[in-house]
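First comes the structure, then the notes that go with it.
The values are calculated or read from the model by the stated rules, or taken from the named source; none is laboratory data. Computed from a prediction, not measured in an experiment: that's the story for all the values here. Note: areas computed on protein heavy atoms with side chains; ligands, DNA, RNA excluded. Shrake-Rupley method; radii C 1.70, N 1.55, O 1.52, S 1.80 Å.
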Amino acid sequence: MDTLTRGKMDQPSLHDETLVERLVHIDRLSLLGEMASGFAHEVNQPLTAIATYARAASRMLASGSMDPQKLAGVLDAISEQALRAGDCIARMRALTPSAAARRSPVSCNVTIREICDLMAPEFKRAGTEIALDLAEPLPLVEADPLHIHQVLINLLRNALDAQKDWTEHRRVRISSAVGANGDVIVKIWNTGSKIAPQNADMMFHPFFSTKAQGTGLGLNISRSLLRAHGGDLHYSRDSEPGTTFSFSLPTR
């Protein structure tokens with residue numbers, strides 16, 4: 001974690017490793033809290049299906065004219081929905097540990113798809129379309145998967161928040177590519193207004209936020225995590241309408 005505290009950062013740095021780790025964990029738990037309603041909805045769907053199938057099985061048994069093949073189909077459906085609920089809970093739990101960073105070969109494309117699946121209920125409720133433009137094949141990066149998850153969730157939640165007052169078609173596009181120096185580049189673009197120049201200069205500083213309930217840590221922590229992996233996080237004011245954030249990670 002020493003990389004987090006080096007003078008390479010262009011904003012106020014945090015010099016206590018333990019404090020940095022705790023802030024990273026707090027930011028992750030804050031994200032999970034904000035996503036709680038989406039998690040609840042995602043888990044509730046298979047649980048409701050299980051209850052419906054169980055009642056159907058009970059009626060079949062009570063009727064006295066049970067068709068074993070139909071009952072087996074109902075029980076298979078219950079098993080499938082239970083596994084689906086378990087998978088939802090496992091994905092939630094995977095984001096909660098506060099253990100030290102553990103790096104492994106990571107596919108950014110796989111990670112992007114996992115986070116999009118995880119956040120699908122939020123995008124649906126917000127009426128926001130999400131489009132993927134992922135380069136294949138893409139080299140693996142050496143990273144802590146949990147930290148890359150956290151960066152992506154932070155950026156995607158910011159993209160959703162940026163479009164809350166947008167009355168036109170809401171859209172988020174995630175692309176991946178190999179940069180000129182061989183790094184993996186991931187870009188997240190969303191419709192909506194561009195960030196005001198005065199805010200663009202401040203948004204990577206700790207505790208600066210334009211949200212009423214924001215902690216002001218998300219972008220600062222995301223950039224620190226990426227720099228600890230030898231990458232970086234940038235905001236670009238390009239000619240395309242909307243907002244674009246991009247981050248880079250060196251390949252293995």
In order over segment 155-170: 3J(HN,Hα) from phi, Karplus 6.51/-1.76/1.60, θ = phi - 60°, whole Hz, x for each Gly or Pro, gives 5, 6, 5, 4, 5, 5, 4, 5, 10, 4, 9, 7, 8, 8, 4, 9
Which residues qualify? For ILE130, with a placed amide H closer than 5 Å and at least 5 residues away or on another chain, they are VAL172
Amide hydrogen neighbours beyond the local backbone of ASP232, cut-off 5 Å, H modeled: SER248
Pop out the ³J(HN,Hα) list for segment 244-252 in order, Karplus 6.51 cos²θ - 1.76 cosθ + 1.60 with θ = phi - 60°, rounded to Hz; leave Gly and Pro as x. 10, 10, 9, 9, 10, 9, x, 7, 4
Among LYS70, LYS187, LYS124, what's the order by accessible area (1.4 angstrom probe), most exposed first? LYS124, LYS70, LYS187
Arrange the residues ILE78, ILE112 by how much accessible surface each exposes, largest first, with a 1.4 angstrom probe. ILE78, ILE112
Ordering TYR53, TYR235 by the accessible surface of their heavy atoms, 1.4 Å probe, largest first, yields TYR53, TYR235
Per-residue HN-Hα couplings for segment 71-80 [Karplus 6.51, -1.76, 1.60; θ = phi - 60°; Hz; x = Gly/Pro]: 5, 4, x, 5, 5, 4, 5, 4, 4, 4
